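Reading through the structure tokens given below for one structure.
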Amino acid sequence: MIEGLQTSVVGSHARPSWFVAGIAAAERGEFGPVDLQEMLDDAVDLALRDQEAAGIDVVCDGEMRRAGFFTAEFYRHLIGVRPLPADRRLGAGGHDQQHRFEVMEPIAAPNGLGVVAEFRYAVARATRPLKVTIPGPYTLSGRLRSGPGEVYGDRNAAAEAFVPILRAEVEALAAAGAMHIQIDEPSPAIHPDAPSDFSGLFDAVVAPVAGRVRIGAHLCFGNYLGRPLARRTYRPVLEAMLGFRADELVLEFANREMAEIELAGELAGAGRDVAVGIVDVKNYYVETPDDVARRIDTTLATGIPPERLTLVPDCGFSQTARWATLAKLRALVAGRDLVIGRISAAVGRTDP
């Protein structure tokens, strides 16, 4: 087998029907704490088994303990906030229907954000290398009310308040044995006018573990209900992306018909590994192994060394039905294997 061309996932896994029904029952107060724990443990086990059965090389817990990416799960660990009603409750789904929080006093998380416990369970259940995913400071700040007269005068100030909380979390993850941590943040392209120094915030979080733990930066275009949030282009923010102190940049290409894939070679030339989105989580067209192989060929044609390339879905699968998720994961691995087979055969023909 050639060096590289690992497969992995970006984060969330598809929610099976029984899990969705269980979350609804728990929200109605029908579950006790032990019932809920059992269901969440079972959901993590399912996500790991689905990924491993498909042949994914580096797995994660599917973020199954987070009922949605922008979930109250993280915020329940905070002190100094109280929930607010959504801006909009009816009509087509959108981010303005998600929960928000009023900040009553400077935030803190005295007992952490719960990710270390998630890791300890998942690593004991996984049979393959495990990646931990965690939202970054700018991502988490998006649900806190900020502005003139508020505890945090703008979103940047709120994001900065999350930096020490997240830094403590990644330090605790490293101490618990995590070797691969992916931090999820918006692509800088989503907020072109924001005064925030995205890479500065990110780098401040990972500083204590950089060089000891493999750090990924997932720069997301958005995927709530399968919809992005802004213009999906990386080229104008290439310099900002290179500012992230990350070993690997996790980027979306399949949904954009491989537009800007030349950046994979440029980023590798700048010393970054790249996780290339090679199957489209926002489309119910299920790629064939040949489709995936052609996209991998297109990626390798940029000059990126195979050992710097990881093959992933464009984003998490939480907004995708499980039947499609399973088919896409299998196609991802099968397409990779087609490419490896061709390369190995070509090497064999040229060996003396």
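Extension gain, THR298 to ALA175: 0.36 nm times the residue separation minus the Cα-Cα distance gives 40.4 nm. Note on the range 225-313: percent of Cα-Cα distances in each 10 Å bin, starting at 0 and stopping at the bin with the largest distance, equals 16, 51, 28, 4.
Packing-based ranking of 234-242, 82-90 yields 234-242, 82-90, ordered from highest to lowest mean Cβ neighbour count within 10 Å. For the pair GLU262 and ASP42 in one chain, pulling the backbone fully straight at 0.36 nm per residue adds 75.1 nm over the alpha carbon distance.
Size estimate for the chain follows the Kirkwood approach: the inverse of mean 1/r over distinct Cα pairs works out to 20.9 Å. Using the average count of surrounding beta-carbon atoms within 10 Å as a protection proxy, the listed peptides 226-233, 289-296 rank, highest first, as 289-296, 226-233. The length gained by stretching the chain between PHE31 and ALA207 to full extension, at 0.36 nm per residue less their Cα-Cα distance, is 59.3 nm.
Apply 1/(1 + (r/R0)^6) to the Cβ-Cβ distance of ASP154 and THR288, taking R0 = 45 Å, and write down the FRET efficiency to the nearest 0.05. Plugging the Cβ-Cβ distance into 1/(1 + (r/R0)^6) gives 0.45. Taking amide H as placed 1.01 Å from N in the peptide plane, the amide H of HIS180 sits under 5 Å from that of VAL132, ARG214, each at least 5 places away or on another chain. Working from label points 7 Å from Cα in the Cα-to-Cβ sense, the ARG342 to ALA24 distance is 4.5 nm. Consider a paramagnetic label point 7 Å from the Cα of LEU225 along Cα→Cβ; state which residues of the range 9-40 have an amide N under 19 Å from it. Of the residues in the range 9-40, 15 have backbone N under 19 Å from the label point off LEU225. For the chain, the longest principal axis of the alpha carbon atoms and the long axis of helix 33-54 meet at an angle near 20°. Note on ARG128/ASP87: beta-carbon distance plugged into 1/(1 + (r/R0)^6) with R0 of 56 Å gives a FRET efficiency of 0.85. Just want the answer: with Cβ charges of +1 for Lys and Arg and -1 for Asp and Glu, which residue in ILE261, ALA178, GLY222 is farthest toward the dipole's positive end in the chain? So the residue we want is GLY222.
Just so you know, all these numbers are worked out from the coordinates, no wet-lab data involved. What you see is a predicted model; the values in this text were computed from it and never measured. Positions of Cβ are generated from backbone atoms using ideal geometry, with glycine treated the same way; all protein chains shown enter the neighbour counts.
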